[in-house]
Amino acid sequence: MTMRLNELERLLEKIAGFTSPSARLEQYQTPAPLAARLLYHAAMKGDIGGRRVCDLGCGTGILSIGAALLGAREVVGVEADEAVLSTARENAVKAGVEVMFLCARVGDPEIIPPIGPCDTVVMNPPFGAQNVHADRPFIDAALEIAPRVYGIFNAGSTPFIQTYLAGRAEIHEVIRGLLPIKRMFSFHRDNVREIPVEVMVIWRIE
Ligand code: SAH
């Protein structure tokens, strides 16, 4: 690989985050170390370099931009919040990469054709802390778009996701990590809380 993991992490540290995060949309940026690890892992599996990659709920674009930096052939970032996308576009320009950002709501079946088939989906979707099962439309869309999915989920959700995937896809690998979340909403009680997460590598059953 042309870029080292710590080099990718250092570039991703520069990505501007949410300026006024929405709790309803679960706008939490993936920290650079976790984003870099997910992407690097996918790249080592051959799922980034030269591939067409989609980032569902791309937010300010950290996963999209990282995929482009690792040599993805084309990257599509999908995000429902237009205001956030302008930050994502600025981030991509600053990083010197090209990403096709699409303002669309995951869960709307009409967005699938304009995204088009991809090799890989990377995503840090809403965990469903605000709306139960908010991650489900993301899983459904991801499996329609690509045969390989790298997603970040709440730790402990593996059995539920496995059941939800039944017959469509299988969890190929689970990588545990920590997601430090800084206090940003009124209902947050700690200055920083480390949320245990699982990066799941999901393979579509063809
Ligand atoms: N992927 C980014 C953002 C994670 S936060 C990162 O890793 O930093 C989850 C993102 O999903 C937010 O930007 C939120 O606005 C977006 N989102 C939530 N529901 C969505 C939906 N139904 N369709 C598209 N985007 C959505």
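The values are calculated or read from the model by the stated rules, or taken from the named source; none is laboratory data. As the structure is a prediction and not an experimental result, all values here were calculated from the model. Note that each Cβ is placed from the backbone with ideal geometry, even for glycine, and that neighbours are counted across all protein chains shown. For the accessible areas, the whole protein counts, side chains as well, though only heavy atoms, and no ligand, DNA or RNA atoms are used. Shrake-Rupley method; radii C 1.70, N 1.55, O 1.52, S 1.80 Å.
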Practice prompt. Please work out which residue is modelled with the highest pLDDT, limiting yourself to region 154-206 and to residues that are among the acidic types (Asp, Glu), open to solvent by 80 Å² or more (accessible area, probe 1.4 Å) and not in a loop (DSSP other than H, G, I, E, B).
Written response: 170
Item to complete: Looking only at region 39-61, decide whether some residue is surrounded by fewer than 20 Cβ atoms within 10 Å (Cβ to Cβ) and acidic (Asp, Glu).
Response: no
Discussion item. Can you tell me which residue is nearest to residue 178 (Cα to Cα) among those in region 19-54 that are of a type in the set (D, E, K, R) and out of contact with any strand residue (DSSP E or B) (no Cβ under 9 Å at 6 or more places or on another chain)?
Written reply: 26
Worksheet item: If you check residue 22 against the conditions, is it of a type in the set (Ser, Thr, Tyr) and open to solvent by less than 40 Å² (accessible area, probe 1.4 Å)?
Response: yes
Discussion item. What are the pairs with Cβ atoms under 8 angstrom where one residue, in region 119-138, is of a type in the set (Ser, Thr, Tyr) and the other, located anywhere, is open to solvent by 20 Å² or more (accessible area, probe 1.4 Å) and part of a strand (DSSP E or B)? Sequence gap at least six, or different chains.
Written reply: 120/52; 120/148
